[in-house]
Amino acid sequence: MVGKSFCGLDSADPRIGGGSQSNVNDGSRIQLTTAEVKHRQHPWLALFCCVLSLACTCRPTFGRGTLKIFKVGVANRSFIPKGSYDWRAAETHALLVTIWYPASASAVARPQTLGPPEAPLFIAGNAAPDAKFPDLPHRFPLVLLSHGTGGSAMQLAWLGTYLAAHGYVAAAVNHPGDNALEPYTLQGFMLWWLRARDLSIVLDHLLADPIFGARIDKSRVGAAGFSLGGYTMIELAGGVTNPQAVLDYCDSPRSHGTCNIHEFPDLAGKARQLLKTDSGFAAAFTLGNESYSDSRIRAVFCIAPALGVAFSPETLANVSIPVEIVAGSADPIAPPPDNAEYLAHHIRHARITILPDGVAHYTFLDSCGPAGKKSLPVYCSDAPGVDRQRVHEEVARMAARFFDRNLRELGSRQTIAGLHGHARLSARYNVGLQGDAMPTRDEAWQLLCEYTQSESLRKHMLAVETCVRAYARKFGAHENTWGLAALLHDFDYERWPNHEHAPDREHPAEGARILRERGYSEEIIRAILSHADYCDVPRQSQLEHVLFACDELAGFLTACTYVRPSKSILDLEVDSVKKRLKTKPSPEAFLAKTSAKAPKSSACRSRSTSPFASKRCGRTRTPSGCAAMRLPPRRPRGRSRNLPESYCPLLSLTGSLTERGKLIHPCETVSRKGLGF
């Protein structure tokens, strides 16, 4: 399916020019619907349901700690590129930029409005003109903002001020010939790809600015855009426009009249005429097929993106940086199926959220004042039940979380949230600043559910997480890091099962790539890769050994449970588990089959190095029963005198999950009542 073209060129009124900060309230979240993903089911995974349903009862809920919110400053800049520049026939030969940024506590904010002060058309909160930066931190990440066709930088004030309040510098540019501060030009409406160049030039000048340059972390730069600004994000990310495809689309019945913009009736026809009479425009039009990506941009956030038809599936497949897309389900200007959903479908791992219940295209413009609602109903009239300010709050929060995940300091584990106390805390799992270095557990669970539909496979990952967290507590390791590795170790398996055991593609290599894009640590990624022997990543760290062992153990305990009459893990005796461990294949068979990379001789040591290990760990037969679903049972071949220490957890976890001789879930606070299968 192809996207609409000019349907996304916002036919904004020339009176729409500016805005300001949106006041954030704590209202309930609006309902979100995420695009469904088709997955293949694996019936053999149903075996895991037993032991894992217990894990579901222990899944923690993370709350958000006290947030430190900055006051917001606002400043303006006029940047003039060196040398020649295509101003698209605009009257103003300068890039006019509005910048919102974190301000010191002494800053005095003023209302920001659009239109006559006595009768503002748009209202967007407060900001302090030319306020000072706070003393700390020394540098902030930067987000570049791109408005829609016919709009202006100030129409993104609701987003820019929110980002500034949460620790970002946000800079919005007025695109030449395509903004409400001056007369529109056909060149400004047609040479869309030059918008990406505008943002790159603004970035150059901001980094050289005597005030902002010293306070921006140039290694942490993202971008966000609305409508045609959303299209601009794809250009920055590596998409390449096909201008002729857009003209052809507008001439076809597939456009359904969406190319007709009231500022430029018959825009495509006029563009064709100008191509014949204006050699400069014709030369510029041929440059649309070039790439305008900027490698300094690490992530892009698209709001109601337009002009999807400009990008072929092949060029969208080349986009490699994180992309998140949000749009309204009732958008008649840039209908999601032909724009947001089209882009998300062809950009690998792009995340998309469709806001339901009447959210439309112009819902993402600044909030309207009484005068705006009266004189600009096209841009100010929302469907019944749609609270524009609440939508702004929700989308701005989504953008801040997206950039928190993807604009981390290079070489550092600290996020913006960590710097300013935006901690997501869980006393249950002892998550501190180190845990804040990565996405939260709730975000990890959402990622898991995005790629895994199988209930049994979800339960398997929950059970492995529970076991691994128990070991983290015993070993004194960082529980949240270990738990995230366990929870996500198979999240990509359903979509990329990797039956051929390719080391560099499908599971778990594909998942590793996704996790890197989402900001997970290399410690977690390496542990996940090491649990698949065919990836040729030898298990070295304690986490890697424990993850591999608990992954196998979860299946083994489930198998043991299924042979019980009640099929309940609460009736599973420890002695029964140990007995079954002793009747499975030999150490040699197990090690050869499941861990060719394991240490050849690492004797099981004392309880001080393996707190869960039983007293008989070194004299117990190998726990190859954990691979019982893969290996046919055969007669044992004697005892293992030197069982590798890395497999002690596999044996001894049964002992750690006991209470009066019964196996229980390692979540200490879980109630045992009513948890039978």
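Computed from the coordinates by the stated procedures, all read-outs in this text should not be read as laboratory data. Bear in mind the structure is a predicted one, so any value in this text is a computation, not a measurement. All Cβ positions, even for glycine, are placed from backbone atoms using ideal geometry, and neighbour counts span all protein chains on display.
Extension gain, A208 to E314, is 34.6 nm, computed as 0.36 nm per intervening residue step minus the present C-alpha separation. When both region 538-566 and region 65-130 are represented by their alpha-carbon centers, they are found 56 Å apart. Restricting the GluC sites (Glu not before Pro) of region 475-558 to loop positions (DSSP other than H, G, I, E, B) with no more than 15 neighbouring Cβ atoms within 10 Å leaves E500. Taking every C-alpha pair closer than 8 Å and separated by at least 6 residues, the mean separation divided by the residue count of region 123-224 gives a relative contact order of 36 percent. Per residue, the average separation of C-alpha pairs within less than 8 Å and at least 6 apart gives region 336-403 a relative contact order of 27 percent. Counting Lys and Arg as +1 and Asp and Glu as -1 over every other residue whose Cβ lies under 15 Å from the Cβ of D278, the net charge comes to +3. For the listed peptides 325-337, 93-105, a ranking on the average number of other beta carbons within 10 Å per residue, highest first, reads 325-337, 93-105.
Per residue, the average separation of C-alpha pairs within less than 8 Å and at least 6 apart gives region 69-173 a relative contact order of 35 percent. If a/c stays under 1.5 just call it rounded; otherwise compare a/b with b/c (prolate if a/b is bigger, oblate if not). Do that for region 193-310, with a ≥ b ≥ c from the square roots of the Cα gyration tensor eigenvalues. Taking the square roots of the gyration eigenvalues as a ≥ b ≥ c, region 193-310 is prolate. Over region 437-483, the hull volume per residue, using the convex hull of the C-alpha atoms, is 57 Å³. Summarising the label geometry, the points placed 7 Å from Cα in the beta-carbon direction at R390 and S568 lie 4.4 nm from one another. Taking a ≥ b ≥ c as the square roots of the eigenvalues of the alpha-carbon gyration tensor, region 275-352 is classed oblate because a/c is 1.5 or more while a/b is no larger than b/c. Remark: region 66-213 is approximated by an ellipsoid whose semi-axes, taken from the C-alpha gyration tensor as √(5λ), come to 27, 19, 12 Å, largest first. In this structure, the pairs whose alpha-carbon distance is over 26 Å, taken from K459/K567; K132/K374; K459/K578; K474/K567; K82/K270; K82/K132, are K132/K374; K474/K567; K82/K270; K82/K132. With q set to 0.16, 0.21, 0.26 Å⁻¹, the log10 of I(q)/I(0) for region 336-415, from the Debye formula over equal scatterers at the Cα positions, is -0.78, -1.03, -1.22.
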